[in-house]
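These notes are about the structure you will find just below.
The values are calculated or read from the model by the stated rules, or taken from the named source; none is laboratory data. This one's a predicted model, so the numbers in the text were calculated from it and none came from an experiment. Positions of Cβ are backbone-derived with ideal geometry, glycine not excepted, and every protein chain shown enters the neighbour counts. Heavy atoms of the whole protein, side chains included, go into the accessibility calculation; ligands, DNA and RNA do not. Shrake-Rupley method; radii C 1.70, N 1.55, O 1.52, S 1.80 Å.
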Amino acid sequence: MKKSVFLGTLAIAGAVAGYASAQDGGTLAQVQERGTLNCGVTTGLTGFAAPDANGEWQGFDVGVCRAVAAAVLGDPSAVEFVPTTGQTRFTALASGEIDLLARNTTWTFSRDVDLAFEFVGVNYYDGQGFMVPRELGVSSALELDGATVCIQTGTTTELNLADFFSSNNMSYEPVPIETNAEAQQQYLAGACDVYTTDASGLAATRATFEDPTAHVVLPEIVSKEPLGPLVRHGDNEWGDIVRWTLNALISAEELGVTSANVGEIGSSTENPEIRRLLGTEGELGAMLGLEADWAANAIAAGGNYGELFEGNIGEATPIGLARGLNAQWTDGGLLYSPPFR
Amino acid sequence: MSELHSETALDTAYVRTEMLPEQTPPVTVSGPIKWARENLFSSVWNALMTIISIYVIYVVLVAILPWMLNGIWDAGSLNECREIRDARGGSGEHGHDVACWAVLVDRWDQLMFGFYPSDLYWRPILALVLFLTAIAPVLYDSLPRKMLILTVLMPFLCFWLLWGGSIWTPIVVALGFVLGWAVVKFGEGTLGSMLATIGAILVPILFWMYLTGPLISGLHSILPIGIQSVESRAFGGFLLAFVIGASGIILSMPLGVILALGRQSDLFIINKCSVIFIEVIRGVPLIVWLFTAQLLLGYFLPPGSNFDLMVRVIIMVTLFSSAYIAEVIRGGLAALPRGQYEGADSLGLNYWQSMQLIILPQALKISIPGIVSSFIGLFKDTVLVVFIGLFDPIGFSNAIRADTDWNGIYWELFIFIGLCFFICCFGMSRYSQYLERKLATDHR
């Protein structure tokens, strides 16, 4: 009895202390005072965020966290990774438990407007796809009339699937499943002909099969799932920092700045945009309230966007995702960073 | 006819002169065969069922045992496991499928300690040893009573070992309990028992609220003794399950006793408060309380407040479990004959004395099986924290699968986690049976 009263007291004391510290300055000031960035990630999604055998977080979303930490604090390892689930992610951000959520979250109207968050950009353009066993001989999703489909319940994929089939005048039989792990088992056991989820998830799942070549991911993508990092409404300075860190990674790829050459290219190049980006010219860093070399630090942390992509989910990794929509606009993709000037 | 008979009887003296040696009973009515005949083949139906059961067990074992025993222990990823298996060649029908236990070797530290700093693993291990040593005198009364001193100190020592930081934190917090005890001890004569009880609750709370913080920092600046502090976020795997489970068990027991007594109380407010608390907590699933701890508190508490998620979870688990314990103990209290209460009163004992000396020892004894099964349930329920994003063993099994090295591995992790939980829960269950036998004073 006494002990739980004590814990309750601790709780109140902690709340009061937390309230006091929350009053001074915005998120940037808090992060700088704390010395670490609290970054919300998934509890584990192949290629995007997962702890490795040494307990170090690795992945594409993790790369965004590290880049922001490097930009703000100059140290890519000054990140406290907070694992969040689908249910807890928005509360964690709204309550201030995390400063930034980089957790393959789809940018939708209601999340942006109604939940009062600010998506600072898109770091991965995903979309719902279909995977079928090769022996089925299907080459297009339009041939799936009458198929049994494994689908995760309670997600937007369920609604997208219904839309796709009814708009193409086809029928299907859903096999509801709860998690991706369960889906893999059901699909391999032949409980369903088709497994549908985000294309990146399909690629990651397929990579784990004993014989990945026995399964094909169909070319149709039936939904738009722009995934991006998000912050709270109302702290625009902090939102700007995260947005422009992401843009810096994208611009760096476009301009040919990599983690290998970021150290010297700023002074050796004549390209004014690179010089502005890396802080050897102009005052962009100071406008954000950061050091002049903020972007250089962010790029040095894990490389530019292309390096992050190739290192975590690209074609050289077991997941083997092609750039597709996530190529630079110059290569026919959708990545298009506003200019640094 | 009778003549003939008597004649032969006379001729051949058919009377034994010595005793026959004792013979072993026929094999069919003794030993294993008798047991098998009685238990397995007592009728045609039973014989048939036995044979079918043996066949089913055989089929299951043939499928599972080679898979488990031929498992691969030394590999860096699931694909390496598959390569090793293929290199071995498909030995027989089930040679194709073998367990890949290597994931346990590779991720052992994470499954056990989570993100706890690896050079500090001795601290949780020492805390576990301390915990076991400290509860031993409670569990077995043949051990020296002096060890109970360690039991009292254990929560503070374990807290300090696990979370680290200044040594003054646990000392000053413990001081609050000493204050409460002192108020009861010395205040009872001057203030009366009612005021002393209230004072014993209020004084430590005020002490913790207003004096603890400055006292800790003051003492620490004078005499800085401490060990490296570890954040709650670093806790994971079985360490997390044990910490939540053990704290919940230790804290919910006294709270449960108090709630049970409160529900039996004649004092209107105490009675109704206990009833409402118990019914509300029991009427809502644990997972809802955990979401409350994680989500609603996040909304209610001011932004930026940094109230440890693990402490929130421990509080919720404790409250939840204490409501169940209270009902189990109330069952024990209700089972005592009225005469026990009246006997206590007739001896002139006051309420606390009669509870402490007469009622509770008997009621708790009756309640042991229920209490232990509540504890087992509580310990297993700790895996529910996976839904609020804490990395308990189940949470880690998901995180491990999210690594490209181990994506696609299921059974090995689940079997291991299940086995660990089984060992703990089976141990608790056996202990409760031992205790019941030892305390059995009923009329047989």
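Once Rg and the Kirkwood radius are both taken over the C-alpha atoms of the range B:231-439, their ratio Rg/Rh works out to 1.06.
Rounded if a/c is under 1.5, else prolate if a/b is larger than b/c, else oblate: which is the range B:323-444, with a ≥ b ≥ c the root eigenvalues of its Cα gyration tensor? Verdict is prolate for the range B:323-444. Scan around A:Gly40 for amide H atoms under 5 Å from its own, H built in the peptide plane at 1.01 Å from N, and keep only partners 5 or more places away or cross-chain. Residues meeting the criterion, in which the H sits 1.01 Å from N, are A:Val82, A:Asp99, A:Leu100, A:Leu101, A:Ala102.
Just to make sure I understand: if all protein chains stay in place, what is the order of B:Ile315, B:Ile149, A:Ile250 by accessible area at 1.4 Å, largest first? Provide the component values of the computation, followed by the final result.
Details: B:Ile315 35, B:Ile149 105, A:Ile250 10 Å².
Highest to lowest solvent-accessible surface, that is B:Ile149, B:Ile315, A:Ile250.
Short to long, the 10 Å bins of the Cα pair-distance histogram for the range B:165-227 hold 24, 40, 24, 11, 1 percent of all pairs.
Taking all protein chains as shown and a probe of 1.4 angstrom, B:Ile314 keeps an accessible surface of around 20 Å².
Past 27 Å, Cα to Cα: identify those pairs from B:Lys146/B:Lys438; B:Lys146/B:Lys185; B:Lys185/B:Lys272, in the order given. B:Lys185/B:Lys272, as the Cα separations exceed 27 Å there.
Here is how the number arises for chain B: DSSP H runs of 4 or more residues each give -39500 (n - 2.57), the sum is divided by the residue count, and the result at 222 nm is -22000 deg cm²/dmol.
Could you tell me which of rounded, prolate or oblate describes chain A, using a ≥ b ≥ c as the square roots of the eigenvalues of the alpha-carbon gyration tensor, with rounded for a/c under 1.5 and, failing that, prolate when a/b is larger than b/c and oblate otherwise?
Cα axes put chain A in the oblate bin.
Our helix-only sum for chain A, with -39,500 (n - 2.57) per DSSP H run of n ≥ 4 divided by its residues, gives a mean residue ellipticity at 222 nm of -12000 deg cm²/dmol.
Kirkwood Rh, Cα Rg: Rg to Rh for chain B? When Rh is taken as the Kirkwood radius, the ratio is 1.14. The 3J(HN,Hα) values that the Karplus relation (6.51, -1.76, 1.60; θ = phi - 60°) gives for the range B:340-348 are, in residue order, 5, 5, 5, x, 4, 4, 5, 7, x Hz. Gly and Pro appear as x. Annotation: amide H of A:Val79 within the under-5 Å range of A:Leu37, sequence separation 5 or more or interchain, hydrogens built in the peptide plane. Charges were assigned to the Cβ only: +1 to each Lys and Arg, -1 to each Asp and Glu. The resulting dipole of the protein assembly as shown about its Cα centre is roughly 3520 debye.
Ranked by solvent-accessible area (1.4 Å probe, protein heavy atoms only, all chains present), the residues A:His215, A:His233, B:His220 order from largest to smallest as A:His233, B:His220, A:His215.
Helix B:44-69 and the longest principal axis of the Cα set of chain B meet at an angle near 50°. Build a GNM of chain A with springs between Cα atoms under 10 Å apart, and of A:Leu144, A:Leu249, A:Leu37 the one that fluctuates most is A:Leu144.
The distance from the alpha carbon centre of the range A:282-305 to that of the range B:190-234 is 45 Å, rounded to a whole number.
For the protein assembly as shown, what ratio Rg/Rh do Cα atoms give with a Kirkwood hydrodynamic radius? List each step's numbers first, then the result.
Working: Rg = 33.9 Å, Rh = 31.2 Å.
Radius of gyration relative to Kirkwood radius: 1.09.
Suppose R0 equals 35 Å. What FRET efficiency, 1/(1 + (r/R0)^6) with r the Cβ-Cβ distance, do A:Glu135 and B:Glu83 give to the nearest 0.05? Step by step, r from the Cβ atoms, then E = 0.90. Which aspartates and glutamates, on any chain, are close to B:Lys380 with Cα under 17 Å apart, when same-chain ones fewer than 8 places away are left out? B:Lys380 reaches B:Asp392. When all protein chains stay in place and ligands, DNA and RNA are ignored, the 1.4 Å accessible-area order of A:Asp114, A:Asp52, largest first, is A:Asp114, A:Asp52. Using a probe of 1.4 Å on the protein chains alone, the accessible area found for B:Trp352 is around 150 Å². Looking at the range A:19-92 alone, DSSP beta bridges between its own residues are antiparallel in about 35 percent of cases.
Largest mean-square fluctuation among B:Phe391, B:Phe379, B:Phe421, in a Gaussian network model of chain B whose springs join Cα atoms under 10 Å apart, belongs to B:Phe421.
A crude spin-label estimate for the pair B:Leu139 and B:Val29, with each label 7 Å from Cα along the Cβ direction, gives 4.7 nm. Sequence-ordered 3J(HN,Hα) estimates for the range B:202-207 from the Karplus curve with 6.51, -1.76 and 1.60 and θ = phi - 60° stand at 6, 4, x, 5, 4, 4 Hz, glycine and proline given as x. The 3J(HN,Hα) values that the Karplus relation (6.51, -1.76, 1.60; θ = phi - 60°) gives for the range A:99-108 are, in residue order, 8, 7, 10, 10, 9, 4, 9, 6, 6, 10 Hz. Gly and Pro appear as x. Contact order, relative form, for the range B:92-191: 19 percent (alpha carbon pairs under 8 Å, 6 or more residues apart, mean separation divided by residue count). Amide H to amide H, with H built 1.01 Å from N, A:Tyr172 comes under 5 Å of A:Gly146, counting only residues 5 or more places away or on other chains.
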